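Beneath this line is the structure, given in structure tokens, with notes to follow.
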Amino acid sequence: MSQIKPQIVVMGNEGYHNQQVYEENLHKHAYRDLSTICIVPTRGTIPAKIVQWWMSLMTPMNQPFYRHFALGMEVGAAYSQTIEQILADPNLSKFKYILTLEEDNAPPPDGLLKLYENMDKYDAIGGLYWTKGVDGKPMCYGKPDIFPMNFAPFMPEPETVTRCNGLGMGFTLFKMDIFKNPKLPKPFFETVQKITRDKGIENYTQDLKFFENAGKLGYKFACDSRVRVGHYDFENDHMW
């Protein structure tokens, strides 16, 4: 039996967590609605190493979390059509968030929980990952304080949340309400490669076309560099 130090007992039964952690949890909104639908576009086969990382991903306790796979579709169409189906469903449309996760991205176990922490300040937040290859670029696009709007990749501040104009979609959390805005052009995500007389050359991946349209409506986006996501090259068995 351990020796008890001499002391005078006073009233106070709050306990450590009630005293020290309660306010912190309130700040992080630990008990708000975190219902989330995860959309995964895939060619049909997902590498075992990626699946292993996904199996370790922590989801919010006692909160609905569903996964929807879109097989064999062009990536922009996969996201757009899946979200349209979700919005048309009387139950799924009530979910708070949409998480996009791609078949070659490996998020850390606590990645989703960290993304939730700052969703009261932004409309979409993505983990930090890089394009593949030795000359890979961070998929954090466009500093908002530069005019006109641009999508040049830049390195976000370390271990924090950095505002940007656009993100990749390998591990990105969106507020569902964005897609309910009738002013947001459809399809939501569209790969664009064309030349027109009024706009000239347009060359967008589906992610940046969405962020351009949503950014013009006043939505705000950020990259969370605390959430470091691997980008897996299956052919060479290398995680970038």
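Results for (1) touching a residue at least 12 places away in the same chain (Cβ under 8 Å); (2) closer than 23 Å to Lys114 by Cα, shown as yes or no for each residue.
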residue	(1), (2)
Asp33	yes, yes
Ile46	yes, no
Gln63	yes, yes
Ala77	yes, no
Ala88	no, no
Asn91	no, no
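Yes or no: the range 22-33 includes at least one residue that is at pLDDT below 95, under 28 Å from Val229 (Cβ atoms), hydrophobic (A, V, I, L, M, F, W, C) and surrounded by 16 or more Cβ atoms within 10 Å (Cβ to Cβ). So far as the range 22-33 goes, yes, one or more of its residues are at pLDDT below 95, under 28 Å from Val229 (Cβ atoms), hydrophobic (A, V, I, L, M, F, W, C) and surrounded by 16 or more Cβ atoms within 10 Å (Cβ to Cβ). The residues of the range 53-81 that are aromatic (Phe, Trp, Tyr) and not in a helix (DSSP H, G or I), listed by number, are Phe65, Tyr66, Phe69.
The values are calculated or read from the model by the stated rules, or taken from the named source; none is laboratory data. A quick note: this is a predicted structure, and the numbers were derived from the prediction, not measured. Please note: Cβ atoms are built from the backbone with ideal geometry, for glycine as well, and neighbour counts cover all protein chains shown.
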